[in-house]
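The values are calculated or read from the model by the stated rules, or taken from the named source; none is laboratory data. Because the structure is predicted, anything quoted here is derived from the model rather than measured. We place every Cβ from the backbone using ideal geometry, glycine too, and count neighbours over all the protein chains shown. For the accessible areas, the whole protein counts, side chains as well, though only heavy atoms, and no ligand, DNA or RNA atoms are used. Shrake-Rupley method; radii C 1.70, N 1.55, O 1.52, S 1.80 Å.
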Amino acid sequence: QVQLVESGVVLVQPGGSLILSCAVTGHIFSIYAMGWYRQAPGKQSELVAYITSGGRTNYGVSAKGRFTISGDTATNTVSLQMNDLKPEDTAVYYCNIASGLGDFWGQGTQVTVSS
């Protein structure tokens with residue numbers, strides 16, 4: 001059974017930083033990409049960032065220049081370094097693994113940016 005377990009600080013002040021991490025338990029074959037999505041209240045889910053098995057990265061508009069994604073397909077972990085956080089970054093963040101077996105999702109982490 002495959003599970004994605006997320007961790008990270010959930011409350012941060014504007015301008016602060018945090019790291020979200022996600023670890024896969026169980027075995028997944030043929031990972032194509034690992035990434036993060038988020039959904040704010042009343043809004044659609046949006047891509048934050050992903051990294052392919054080849055190391056190529058792609059960032060959503062809101063993440064460019066502030067967030068950095070890193071991943072390790074050998075250990076099946078993916079992390080998201082988030083800097084200069086803004087109140088509009090408040091959302092539930094979901095870890096995602098795209099693989100030959102399909103997509104797997106973490107349980108979600110509520111991130112709140114507030115003073």
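Take the Cα of Val61, step 7 Å toward its Cβ, do the same at Asp84, and the gap between the two points is 1.7 nm. By accessible area, using a 1.4 Å probe on protein heavy atoms only, the chain has 51% of its surface on carbon and sulfur. Taking the DSSP beta bridges in the chain as the whole, what percent of them are antiparallel, to the nearest 5? Antiparallel: roughly 95 percent of the beta bridges in the chain.
The stretch between Ile19 and Val92, if pulled fully straight at 0.36 nm per residue, gains 24.9 nm over its current Cα-Cα span. The string of couplings for the range 12-17 from the Karplus curve (6.51, -1.76, 1.60, θ = phi - 60°) is 8, 7, x, x, x, 10 Hz, one whole number per residue in order, with x for Gly and Pro. In this calculation the C-beta distance from Val10 to Ser30 is compared with R0 = 41 Å, giving a FRET efficiency of 0.80. Look at the alpha carbon pairs under 8 Å that are at least 6 residues apart: their mean separation over the length of the chain gives a relative contact order of 36 percent.
Ligands, DNA and RNA are left out, and with a 1.4 angstrom probe the accessible area of the chain is 52 Å² per residue. Fully extending the segment from Gln39 to Gln110 would add 24.6 nm, taking 0.36 nm per residue of separation and subtracting the current Cα-Cα distance.
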